[in-house]
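See below for the structure under consideration.
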Amino acid sequence: MGVIQWIINLGASVFLPILLFIFGLILRIKPGKAFKAGLTVGIGFIGLNLVINLLSSQLGPATKLMIHNYGLHLQSIDVGWPAASAIAYGTALGVMAIPIGVIVNVVLLLFGLTRTLDVDLWNYWHVAFAGSIIYLLTNNMWLGIFSMVVVTMFTYFFADLSAPKVQEYYGLDGISFPHGLSAPGYVFALPFKWLFDHIPGFNKVHVNAETVQKHLGVFGDMTVMGAIIGLVIGLLAHMSVAKVLQLAVNMAAVMMLMPRMVSLLMEGLTPISEAANKMVQKHFPGKKLYIGMDSALAIGQQSVLSASLILIPITLFLAVILPGNKVLPFVDLATLPYFFALFAAAFDGDILKTVIAGAADIVLSLYISTWFAPVITKLAKAASFNMKGNASISVLSDGGVWTNFIYIMTGEKFQWIGMTVLFVIALLLLFWLKMRNARKDAMAAKA
């Protein structure tokens, strides 16, 4: 387990390039080209983290001022995904998530029950998070391990289900997102898509980045939109004129720089993805393979960023007015693009529909994270996490995602019987998707 912990401590920006370099060599890419590809991906992640840190550092003071100005005093502070991942990997069970995830991935690939070859190993912390909570609630390590198997299976189902849309909308050929927060968001968005498509008049509305720019001219440019959103947030926070202007320029910088950092990630991934698909076609004609990656590849898309920034003040507003909510959104406000990375794909980039469905998702996330707060606080203490003086903490992202509510409620209330039922459901869903994909491939071949 010491080796696994060492890998975790490297972080995605170091570990992923090493893994991709090794994977590139296996795919018979020239060593120099494989090294450059892996290094470019690492640089892209570092750049992306710098932009996200810029977003966090600017939103932090604005959020604090809004909390102070509007007298927001809620019991549990949202400590965000960085803290959640540290807590998840800091438990006795957490470090087992990576080997469990890899084993499940290999078994599913061998049986043809997934097309995703997951190289985004660091993000198994999402699996560790759910498994650690179930272990904490039941005091049953074997049940915790089994629950991580189940969570991993559902994650690959979500990844495979959303992969065609991910590839079509974002232009990410051969990529899927086995991401514990973003992938379930795609499934959450689908009923809203059906609803919006059946509302007369509204189903004709399509407000994407191009539409906004066409009708608003320079004010519809996504960089300018970022500046406008920054101005609005700054004014709501009652910041000084200088601070408002600084926030506006920094939000514009986020809108411009985020897509460019994502393009670096894609530049590094392209030769790996192409080589993987060539290998599959050579040795397994007619088969498809997706490279499982972090949904960071999607968060730089203009509709994702625009909708996420609009939802920041909406999230704070909802936290105040919702009866029974006890969670104060804070750190994960900067993580909202990960929440809605696949919402934009489901709605073909429609910003308005992403905001409406996103607000509904936030409502659910606030209530679930309120329910989770005592458990997450207890888990944090068990993992020796620094609470920084907060009596109660929660996490808006993984602590509020609807799938974790199902996994953990089932594991706590029904234990082995409940998790076995979820295991069977996951297996049936994977088999159903395999059959559906086979039919689609056969039809495409005939055409």
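The values are calculated or read from the model by the stated rules, or taken from the named source; none is laboratory data. Since the structure is predicted, the reported quantities are computational estimates derived from the model, not experimental observations. All Cβ positions, even for glycine, are placed from backbone atoms using ideal geometry, and neighbour counts span all protein chains on display. Ligands, DNA and RNA are excluded from the accessible area calculation, which covers all protein heavy atoms including side chains. Shrake-Rupley method; radii C 1.70, N 1.55, O 1.52, S 1.80 Å.
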- Query: Straight-line reach from K434: which lysines have Cα under 28 Å away, leaving out those fewer than 8 places along the same chain?
  - Reply: K165, K193, K278, K282, K287, K288, K446
- Query: In nm, to one decimal, how far is the R260 label point from the L190 one, both placed 7 Å along Cα→Cβ?
  - Reply: 3.8 nm
- Task: Tell me what the chain gives for mean residue ellipticity at 222 nm when only DSSP H runs of n ≥ 4 count, each as -39,500 (n - 2.57), the sum divided by the residue total, rounded to 500 deg cm²/dmol.
- Result: -24500 deg cm²/dmol
- Task: With a Förster radius of 35 Å, plug the Cβ-Cβ distance of L364 and K30 into 1/(1 + (r/R0)^6) and report the FRET value to the nearest 0.05.
- Result: 0.15
- Give a quick list of chymotrypsin sites (Phe, Trp or Tyr not before Pro) in region 110-153 that DSSP marks as loop, anything other than H, G, I, E or B, with at most 15 other Cβ atoms within 10 Å. F111
- At a 1.4 Å probe radius, carbon and sulfur cover how many percent of the accessible area of the chain? 69 percent
- Message: I'd like the distance between the alpha-carbon centres of region 224-283 and region 155-211, rounded to an integer number of Å.
- Response: 19 Å
- Message: Between M443 and H206, how high is the FRET efficiency from 1/(1 + (r/R0)^6) when r is the Cβ-Cβ distance and R₀ = 25 Å? Nearest 0.05.
- Response: 0.35
- Label region 12-163 by shape, choosing from rounded, prolate and oblate, from the square roots a ≥ b ≥ c of the eigenvalues of the Cα gyration tensor; if a/c is under 1.5 it is rounded, and otherwise prolate applies when a/b is larger than b/c, oblate when it is not. oblate
- Item | Separation of the K288 and M409 label points, Cα + 7 Å toward Cβ, nm | 3.3 nm
- Quote the accessible area belonging to M435 in square angstrom, nearest 10, computed with a 1.4 Å probe and with ligands, DNA and RNA left uncounted. 70 Å²
- Note on the structure: Classified through the alpha carbon gyration tensor (a ≥ b ≥ c as square roots of its eigenvalues; rounded if a/c is under 1.5, else prolate when a/b is larger than b/c, else oblate), region 331-447 comes out oblate
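Multiplying the sequence separation of W142 and N69 by 0.36 nm and subtracting their Cα-Cα distance, what value in nm do you get?
21.5 nm
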- Note on the structure: Checked region 385-447 against the a/c 1.5 cut and the a/b vs b/c comparison, axes a ≥ b ≥ c from its Cα gyration tensor; verdict oblate
- Query: Per-residue accessible area for R436 at 1.4 Å probe radius, Å² rounded to 10?
  - Reply: 60 Å²
- Task: With a probe of 1.4 Å, find how much accessible area the chain has per residue, and write the answer as a whole number in Å².
- Result: 43 Å²
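With all protein chains present and a 1.4 Å probe, how do I98, I18 order by accessible area, largest first?
I18, I98
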- Query: Can you list the residues, at least 5 places off or on another chain, whose amide H is less than 5 Å from the amide H of I175, using H built in the peptide plane?
  - Reply: I291
